[in-house]
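All remarks here apply to the structure that follows.
The values are calculated or read from the model by the stated rules, or taken from the named source; none is laboratory data. Computed from a predicted structure; not experimentally measured. Cβ sites come from the backbone with ideal geometry, for glycine too, and all protein chains shown count toward neighbours. Areas reflect the complete protein model, heavy atoms only, side chains present, ligands, DNA and RNA absent. Shrake-Rupley method; radii C 1.70, N 1.55, O 1.52, S 1.80 Å.
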Amino acid sequence: MSISHTIFISPGQPVERLISDIGSACGTLLHVKTPGYIDYSASLGHAAVEVEMSHDYEEDHGIRFEDYDALITVRDFDSNIQRQEQIATEVFRNLAHLDTYCMVLVRDFQRLLDSAAPPRPC
């Protein structure tokens, strides 16, 4: 079973701005995926960033997933969990510096690693 690192983020609108900001946070352009549950993705060499613009996750382990519009998942192609977490943390911090989004970074949808919110209420 693989370990996941996911950023739940809100607001997800306007979509173009969110995707542009995620791309900047990753240092690459995101591309539209063919119809499926992943809406946008990008390769980061040893890892991929995948964006879903909606989800059905609800509160679990005290994390209110339903408060967030979209999610960003980082997947390391070699299952290098340390590198995967490092990339997810870097993307999270780059987005947090924008002071635009309410976000949580979670591991395996069970452990809250970090959270951020802009000065204004989410």
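Below, the figures for the structure above:
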quantity: Top-ranked residue of the range 65-89 - restricted to ones that are out of contact with any Asp or Glu (no Cβ under 8 Å at 6 or more places or on another chain) and without any contact (Cβ under 8 Å) to a residue 12 or more places away in the chain, ranked as surrounded by the fewest Cβ atoms within 10 Å (Cβ to Cβ); calculated: 82
quantity: Filter result for residue 100 (among the β-branched types (Val, Ile, Thr), within 19 Å of residue 66 (Cα to Cα) and either in a loop (DSSP other than H, G, I, E, B) or in contact (Cβ under 8 Å) with a residue 24 or more places away in the chain (or both)); calculated: yes
quantity: Residue 93, sole failed condition from (1) open to solvent by 90 Å² or more (accessible area, probe 1.4 Å); (2) in a strand (DSSP E or B); (3) of a type outside the set (Phe, Trp, Tyr); calculated: (2)
quantity: Residue count for the range 11-38, restricted to those that are surrounded by fewer than 18 Cβ atoms within 10 Å (Cβ to Cβ) and either touching a residue at least 40 places away in the same chain (Cβ under 8 Å) or in a loop (DSSP other than H, G, I, E, B) (or both); calculated: 14
quantity: Among (1) open to solvent by less than 80 Å² (accessible area, probe 1.4 Å); (2) outside any strand (DSSP E or B); (3) modelled with pLDDT of 95 or more; (4) out of contact with any helix residue (DSSP H, G or I) (no Cβ under 7 Å at 6 or more places or on another chain), the one test that residue 118 misses; calculated: (3)
